[in-house]
Structure formats: C-alpha cells, structure tokens
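Colleague: Once you've had a glance at the structure underneath, I'll fire off some questions.
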Amino acid sequence: MQWQAIGCSEIGSGHIKTGIPCQDFCDHQIISNNQVTIGAVSDGMGSAAHSDLGSKIAVQTTLNCLNQRDWLNHSIDDSQAQVFFEELLKTVVTEIQTVAKREGYSVRDMACTLLAFIATPNLLVAMQCGDGLIVIRPQSSQNYQLLFQPQKGEYANEYVPITSSSAHQYMQVKVIHEPIYFICAATDGIEHISLIKSKEWKAYDKFFEPVETQIMRSHKTESEKEKIVSDWLKSDDINQRTDDDKTVLLCIQNGKSSNFSSGHIQSSNIQQNPSHSAISQSPSKSTEPIESFEEDSLNSKPSNIIHPEFHKIKEDIYKLTNKQYPNIELKLKIKKRILEIFVRSDQEVNKKKFIDLLEPIDFNDYELPIKEVNIFNHKDNRNSEYWQYKSSLYSMQPWVKRMLYIIILAILMTLISLLISILSNGLLTKIFMYFLYSLILIITVDIYVNQSR
C-alpha cells in the first residue's frame, strides 16, 4: 500500500496583528517506493524571538535523520525507539545551537516543540516533545486515538521546549505494530476544536472522520486537498476561535478502506455534497455562525457536526444528575448566545431538585459564547414541554439584589415617614397614618416572602 500526505501551516490572526511571523513549520517525505512516510511538525515558542527559525531547523533536521534509516525492512521496539529519538533530539538541538551561534542568537530565542513519526504499511513509530497532538486511526479500530496526552504546565501555553536541557525527560515515544490508516500531526492551534478535554484527553471523532473521508480519501488531487485545508485554517471560522498559528500534517494509506458504515462513526449526508465538507465549513460546527449550532442526541439521526464543548457540558450534567435521574437524555443547542438544554426522561424530573443538582456548574467556564441558559424538560418521548427554567449569566448575584431591595425600601420608608410628619397635624391622625403605613408594609413583605418560597 502507498502513502499520501499533505501539510499546511497558516499564520494566526494574533500574529498578523502584532507583526510576528508564523512560528509553525511542518514537512514530510514519502520514501521507499511510496511505502514509508516520515513527517515532523514544530511549533515555535511564542515568547522566543526567532522560534520561527528554530521550528524550521527542527523539522528539516528531523527529516534528514529519519531518512537515513531503512524503516521498511527493519523493525524497532519501544526501547530502541527511545534511544533513537534521544539521539535525534540531540542532533536537532546541536543544529539549532550551531545556527544560533552563527547568527548571533540565543538558543532560547529559537525554542520550539517537536512531533515526529515514521509510518510503514505495518508499523508506526512516533515521538512528541512539547504540546501539540498526534492522532491516528489504526486498522483495529474505527475510532481515532490520541497517541500522547498534551504536555501542559501550570499555565495553558507552558511546556518544555526541545532546547531545554531536560527535554529528553519529557519526550514521549510510542511504537505500534499494526497498519495505520490515518495520521494527523498538528500544533496546538487546533487543539481545542479537535480534542475533547477531560481527565484523559481524547480525539474528537467527528472532527477527524470528515477530514479523512471527505478530504484525504476524496478523488481530489493533492494540491486541491491542500488548498481546502489551507483555506479552512485561515478562515474566519477558525480565527474567531483561536488567534494562534495553525499547522496540520495529514497522512493516509491509499487503498485502505475507511469502512465506517457499521461502526461508531457515521458521516451521513455530507458525503453526498462536497460543499458540506466539515473542513470547508470548520469541522466542529455547522454552516451557521458560531452563535448558532446544535447537537441532536435526542434524535435517531445523529448530527454530523457537534461542538466539542457540548460533550463537556453533557458529561458534567450526567455526572451531577446520574444518581438521581439515571435515564435522562440531553440535547444541547445554542443560538444567539443562548444555550438551550433539553432534558427528557422516562420518569418525572423535579424542577427544583434538578436545578439544585446543576448548581456546581459554571457555564462561563465553557468555551462557548453563552449569555443565557434555558433548560426544558420533556416527558417520556413526547415533545410537549413539561417545565422550563431560564437563567441569565449576566444577572446580578442574589445578595446584590437583596441589598438593593433593602436600600430602596429604606429610602421609601424614610420618604413616607417624612410625608406623614408633614401632612398630619394632630397626634391621633399621626398615629392612625403610621398604623396604616405599617400594616401595608407588613402585608407587602409577607406577600413577597411567600412568593419567594
């Protein structure tokens, strides 16, 4: 079987505004009569002045090293791969040091990450040092697998670059002895739309399945595929969601069937219309603007494009409510920054208890433009509404509201007292007016308290 690969790097909108060049770089080679592909991806550290040069040197030097070995006719185990990549890392850093000395730069100013892989018809060898992602689909699975957990420090963009003396301690290496049908190596610019964030990060299948089936396995030429991916990476859809540089390196084995029809992944009707390609419109959203998309988990026909954050919200809701309501189903929809959550169960869902269970969730923590949350309960399989709950994320805190009510009430009471003092001449008249005023006030407070309950 033969390999086909395309690679694209596009500058982030944030770098365009600040005049910083694209700090990502990727490259690949298909060797050994098209039966072996080698690839590398690097992301220059944003704070390093010449990291764009560092990432380019890292990728080119890596490919030179990978190309010197006969991967087709010689196997390798985990320990051998570890030793090989440690030596490769030393070679890459030495080359960076040489260029830095020649140009008068600091090595720190060329800091970058490195992802590299070798794929033969029956073997994958990969390494990762720093953040980014390598996602594969092996022969034994119809789902996509994230090879390495993202390396994150205390802060979101913190990682150990390959120029650090401790880089080899953080380097991750893996060998897989089976055919791999699909590979995606990418920088962290697409991380939040291609991975599901949880305790153990995992690949978002409905991002990668259209990339493989609609783009890489289409009958388009390599240049046409590359243009589709390139246009998507620099589209407004993506730039609205990340201002970082974006790089993807995609590889498939030609002749390997994707065969998703009986498995977990379904591509549905977008296969019939290339204009509906998930890449051309952004793989994690619909054709509507970012403020409008939905996930149809309550319907029998699955949605083609589901925003990854919906998985997080659903997972959090299920965790909090599963013990009390083990049979609930959820559907999420967002439109004009209003998140709608549809709850359905074969048992009665008590409104107050259900809302109380969701109290630990802060919807501002999710990467969605939410200004209001509406929850609708549907009973059994009927679409008729059972109860609903609405909450604005921008409303005042309850204690602030209470304080305002108290202040307004105090001002009102003072004004009425002054008015009674001015208008009443006799003592009996004044006592009667104060009694009437107190009676009205007590009745009003009593009605308010009962309604609040």
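Colleague: Consider L115 carefully, then state whether it is of a type in the set (A, V, I, L, M), under 27 Å from the mean Cα position of the chain (by Cα) and buried (at least 17 other Cβ atoms within 10 Å of the Cβ).
Modeller: Numbers: of a type in the set (A, V, I, L, M): yes; under 27 Å from the mean Cα position of the chain (by Cα): yes; buried (at least 17 other Cβ atoms within 10 Å of the Cβ): yes.
Here the answer is yes, as L115 does meet what is asked.
Colleague: Just wondering, is there one or more residues in the stretch 337-345 that are out of contact with any Asp or Glu (no Cβ under 8 Å at 6 or more places or on another chain), aromatic (F, W, Y), modelled with pLDDT of 85 or more and not in a loop (DSSP other than H, G, I, E, B)?
Modeller: Yes, the stretch 337-345 contains at least one residue that is out of contact with any Asp or Glu (no Cβ under 8 Å at 6 or more places or on another chain), aromatic (F, W, Y), modelled with pLDDT of 85 or more and not in a loop (DSSP other than H, G, I, E, B).
Colleague: What number of residues in the stretch 35-50 are open to solvent by less than 10 Å² (accessible area, probe 1.4 Å) and among the hydroxyl-bearing types (S, T, Y)?
Modeller: 2
Colleague: Next question, about the same structure. Contact list please: Cβ distance under 8 Å, first residue in the stretch 129-145 and closer than 13 Å to E212 by Cβ, second residue in a loop (DSSP other than H, G, I, E, B) and among the aliphatic types (A, V, I, L, M), pairs at least six apart or on different chains.
Modeller: V135/L147; I136/L147; Q142/I265; N143/I265
Colleague: Follow-up. Report whether or not Q253 is under 24 Å from N122 (Cβ atoms), surrounded by 16 or more Cβ atoms within 10 Å (Cβ to Cβ), over 14 Å from the mean Cα position of the chain (by Cα) and modelled with pLDDT of 95 or more.
Modeller: So Q253 fails the test.
Colleague: Please tell me if L415 is modelled with pLDDT of 75 or more and either touching a His at 6+ places or on another chain (Cβ under 7 Å) or open to solvent by 90 Å² or more (accessible area, probe 1.4 Å) (or both).
Modeller: Details: modelled with pLDDT of 75 or more: yes; either touching a His at 6+ places or on another chain (Cβ under 7 Å) or open to solvent by 90 Å² or more (accessible area, probe 1.4 Å) (or both): yes.
For L415, the condition - modelled with pLDDT of 75 or more and either touching a His at 6+ places or on another chain (Cβ under 7 Å) or open to solvent by 90 Å² or more (accessible area, probe 1.4 Å) (or both) - is met.
Colleague: If we keep just the residues of the stretch 101-124 that are in a strand (DSSP E or B) and small (G, A, S), which is nearest to A40 (Cα to Cα)? Can you show your working first?
Modeller: So the first thing to find is which residues in the stretch 101-124 are in a strand (DSSP E or B), and the list is 112, 114-120, 123-124.
Subsequent filtering for residues that are small (G, A, S) retains 116, 119.
Numbers: A116: 4, A119: 12 Å.
Step by step, filter the stretch 101-124, then rank; the result is A116.
Colleague: Might you let me know whether the stretch 76-93 holds any residue that is open to solvent by less than 60 Å² (accessible area, probe 1.4 Å), in a loop (DSSP other than H, G, I, E, B) and not aliphatic (A, V, I, L, M)?
Modeller: Looking for residues that are open to solvent by less than 60 Å² (accessible area, probe 1.4 Å), in a loop (DSSP other than H, G, I, E, B) and not aliphatic (A, V, I, L, M), one finds none in the stretch 76-93, hence no.
Colleague: Here's another thing I want to ask about it. Of all residues in the stretch 1-40, how many are under 23 Å from R241 (Cα atoms) and out of contact with any helix residue (DSSP H, G or I) (no Cβ under 7 Å at 6 or more places or on another chain)? Let's see the steps before the verdict.
Modeller: To start, the set of residues in the stretch 1-40 that are under 23 Å from R241 (Cα atoms) comprises 7-26.
Next, only the ones that are out of contact with any helix residue (DSSP H, G or I) (no Cβ under 7 Å at 6 or more places or on another chain) stay: 7, 9, 11, 14-20.
Total meeting the criteria: 10.
Colleague: Still on this model: Among the numbered conditions (1) under 21 Å from the mean Cα position of the chain (by Cα); (2) modelled with pLDDT of 80 or more; (3) farther than 17 Å from S9 by Cβ, tell me where S218 comes up short.
Modeller: Only one criterion is unmet by S218, namely (1).
Colleague: Please verify whether the stretch 87-98 includes one or more residues that are within 24 Å of E226 (Cβ to Cβ) and either out of contact with any Phe, Trp or Tyr (no Cβ under 6 Å at 6 or more places or on another chain) or among the small types (G, A, S) (or both).
Modeller: Within the stretch 87-98, not a single residue is within 24 Å of E226 (Cβ to Cβ) and either out of contact with any Phe, Trp or Tyr (no Cβ under 6 Å at 6 or more places or on another chain) or among the small types (G, A, S) (or both).
Colleague: Still on this model: Name every residue in the stretch 53-75 that is assigned to a helix (DSSP H, G or I) and either open to solvent by 50 Å² or more (accessible area, probe 1.4 Å) or touching a Pro at 6+ places or on another chain (Cβ under 7 Å) (or both), in order of residue number. Spell out the reasoning first.
Modeller: If we filter the stretch 53-75 for residues that are assigned to a helix (DSSP H, G or I), which is where we start, we get 53-66.
Once the filter is applied, which keeps residues that are assigned to a helix (DSSP H, G or I) and either open to solvent by 50 Å² or more (accessible area, probe 1.4 Å) or touching a Pro at 6+ places or on another chain (Cβ under 7 Å) (or both), the stretch 53-75 yields L53, K56, Q60, N64.
Colleague: For the stretch 297-319, give me each residue that is open to solvent by less than 40 Å² (accessible area, probe 1.4 Å) and either assigned to a loop (DSSP other than H, G, I, E, B) or at pLDDT below 80 (or both). Don't jump to the end; show me each part of the working.
Modeller: Of the stretch 297-319, the ones open to solvent by less than 40 Å² (accessible area, probe 1.4 Å) are 298, 303-310, 313-314, 317.
Across the stretch 297-319, the qualifying residues are L298, S303, N304, I305, I306, H307, P308, E309, F310.
Colleague: Also: If you scan the stretch 10-34, which residues turn out to be of a type in the set (D, E, K, R) and open to solvent by 30 Å² or more (accessible area, probe 1.4 Å)?
Modeller: Pass one, the stretch 10-34, residues of a type in the set (D, E, K, R): 10, 17, 24, 27.
The answer is E10, K17, D27.
Colleague: In the stretch 320-339, what count of residues is obtained for those that are more than 14 Å from E309 (Cβ to Cβ) and surrounded by 12 or more Cβ atoms within 10 Å (Cβ to Cβ)?
Modeller: Taking the stretch 320-339 and keeping what is more than 14 Å from E309 (Cβ to Cβ), we get 320-329, 331, 335-336, 338.
Applying the additional criterion that residues be surrounded by 12 or more Cβ atoms within 10 Å (Cβ to Cβ) yields 320-322, 324-325, 328-329, 331, 335, 338.
Here the count works out to 10.
The values are calculated or read from the model by the stated rules, or taken from the named source; none is laboratory data. Just so it is clear, the model here is predicted, and its values are computed rather than measured. Because the Cβ atoms are built from the backbone with ideal geometry, glycine has one as well, and the counts that use them run over all protein chains shown. Quick note on the areas: whole protein, heavy atoms, side chains included, nothing else; ligands and nucleic acids left out. Shrake-Rupley method; radii C 1.70, N 1.55, O 1.52, S 1.80 Å.
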